[in-house]
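Below: one structure, written as structure tokens.
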Amino acid sequence: MKITVYGSWHLAEVYAIGLCELGHTVKLVSDCEVFENYKKGVPPVFEPGIGEGIKKYTGSGKLSFSENITDPKNKADICFFAQDVNIIEKGVDMKHILNHFNKVLRSGNFNTICISSQLPIGSCGEWQKTSNKINIVYFPEFLRFGDALKRFVEPDYIVLGGKLATLKKVAEVFKNISAPKFFVSLEEAEMAKHAANIFVAMSVSFASELAKFSERFNINFENIGEILRADKRVGQKAYVLPGLGFSGTVKRDIVVLIQEAKKLKKRLPMFEQVIAVNDEHNKFIENELKMRFKSFKKKKIGFLGATYKPFTSNMRGSLVAPLMSNLKKRGADVVLYDPFVENNAYKVSSMREVFSGADAVVIAVGKKEFREALYGKLFSLMKKKVVIDAANMFKKDEAKKLSVDYVSIGRGKF
């Protein structure tokens, strides 16, 4: 099938390569700067498999690029609208995403637009009312940074919302995928995305709150999490292990639903509390540093990892990026080593530079390179040996042997 994908960031790059993997011919339409980089084989965000996919499918003729959605050459059976949504304080920048949708709509190149951008419930229905010459389908994405391409071609399930006849047409795109397929209304498809993210968020806040309480009894909550995962009602992949909280699109989905409820003069108190618990829990690193330093002036604070997820270059939704800026404003010498981060004011070129002369080092993201390092030598380079392991990278037995002031999340005393 001939398909156009519209978008200029992570979602679009994954969709383009994923659809090629499923055997389709894809035109990826993006803004000018991203378009120029695509021609050089460089995607806007590092994601495993994307760079290789660009090389493979441009070489075979299955994938091509454009910067102009109105070009008649971009006409296709279906347009996948995969423009990533800007996150603002109140959830979603609807003006920005609507401008992009109208560009696609006015092009006149498509009868069916399949939207995957994360929108507030009710958005697609409103757009359909004002766009009666085309059919809108909502296809919520359930991807994860670092594992997105695999989750696209091997999903747990597929949700399609809209008119049944159109859904059957779009379902042909995924005919080689054996996962369960749900044909529902536009609003039900939108709610499926909200519900999935909110359920994850509730699980994370549940683990955060209970882990914090459990530490008072010197309980290693990792053991509790593994016990819970053995319960079939919970599941092996449940988010019940101690660690930092959520951010990014997960938090945005809850904020959006709370805002929509307010418009209806309703409250969602449980979801409000999930946000409150999470925001408090995500102060963990800052609180631990404050307990150890009365002032951050002239203190060297090093960070290992800062990206949103371990196997991506994405800094949107990073839990430590605001903290690094805050520490810098308070006089600290802030340094960061992250092999996936390219342009950052705090970046240094090695782990050694992070540890050398450091008063404290924060392990923020558990990347493979960090797990394989020789920490005995690195710790010896530190000025004050404060290590905050927010990724719970060291096993508890290993951590007990470290000759540093070590703290992790939800694992009791060391």
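Any idea which residue in region 104-123 is modelled with the lowest pLDDT, counting only those that are assigned to a loop (DSSP other than H, G, I, E, B) and closer than 21 Å to PRO44 by Cα? Quick ask: steps written out before the conclusion?
Our first condition is that a residue be assigned to a loop (DSSP other than H, G, I, E, B); within region 104-123, this holds for 108-111, 116-122.
Those left that are additionally closer than 21 Å to PRO44 by Cα: 116-118.
On the way: SER116: 96, SER117: 92, GLN118: 88.
Among those that are assigned to a loop (DSSP other than H, G, I, E, B) and closer than 21 Å to PRO44 by Cα, it is GLN118.
Within region 275-310, restricting attention to residues that are in contact with a Ser or Thr (Cβ under 8 Å, 6 or more places away or on another chain) and closer than 24 Å to PHE379 by Cβ, the residue that is surrounded by the most Cβ atoms within 10 Å (Cβ to Cβ) is THR307. Filtering region 287-307 to residues that are in contact with a helix residue (DSSP H, G or I) (Cβ under 9 Å, 6 or more places away or on another chain) and either among the aromatic types (Phe, Trp, Tyr) or in the same structural domain as GLU215 (by TED's automatic domain parsing) (or both) leaves PHE296, PHE303.
Counting only helices (runs of 4 or more DSSP H) that fall entirely inside region 238-350 and contain at least 3 residues that are within 22 Å of GLY225 (Cα to Cα), the qualifying elements are 269-281.
Taking the criterion of being β-branched (Val, Ile, Thr) and within 21 Å of ALA171 (Cα to Cα), the residues of region 105-140 that qualify are THR112, ILE113, ILE115, ILE134, ILE136, VAL137.
Are there any strands (runs of 3 or more DSSP E) wholly within region 1-103 with 2 or more residues that are more than 19 Å from ARG252 (Cβ to Cβ) and among the hydroxyl-bearing types (Ser, Thr, Tyr), and if so which? So that I can check it myself, show each step before the final result.
Values: elements: 2-6, 25-29, 63-66, 78-81.
Those strands (runs of 3 or more DSSP E) span 2-6, 63-66.
Annotation: ILE198 fulfils all but one of (1) among the aliphatic types (A, V, I, L, M); (2) at pLDDT below 95; (3) under 22 Å from GLY18 (Cβ atoms); the unmet one is (3). A count restricted to region 368-414 and to residues that are among the hydrophobic types (A, V, I, L, M, F, W, C), in a strand (DSSP E or B) and without any contact (Cβ under 8 Å) to a residue 40 or more places away in the chain stands at 1. Selection of region 156-202 for residues being more than 28 Å from ALA238 (Cα to Cα) and either among the aliphatic types (A, V, I, L, M) or in a helix (DSSP H, G or I) (or both) yields LEU164, ALA165, THR166, LEU167, LYS168, LYS169, VAL170, ALA171, GLU172, VAL173. Of the numbered criteria (1) of a type in the set (Ser, Thr, Tyr); (2) modelled with pLDDT under 95; (3) in contact with a strand residue (DSSP E or B) (Cβ under 6 Å, 6 or more places away or on another chain), the one TYR138 fails is (2). Based on this model, can you work out whether LYS133 counts as of a type in the set (D, E, K, R) and not in a loop (DSSP other than H, G, I, E, B)? When the stated conditions are applied, LYS133 does not pass them. Within region 274-290, one or more residues are out of contact with any Phe, Trp or Tyr (no Cβ under 7 Å at 6 or more places or on another chain), of a type in the set (A, V, I, L, M) and without any contact (Cβ under 8 Å) to a residue 12 or more places away in the chain. None of LYS55, LYS62 is of a type in the set (Lys, Arg), surrounded by 15 or more Cβ atoms within 10 Å (Cβ to Cβ) and at pLDDT 95 or above except LYS62.
The values are calculated or read from the model by the stated rules, or taken from the named source; none is laboratory data. Because the structure is predicted, anything quoted here is derived from the model rather than measured. Neighbour counts are summed over all protein chains in view; Cβ atoms, including those assigned to glycine, are modelled from backbone coordinates with ideal geometry.
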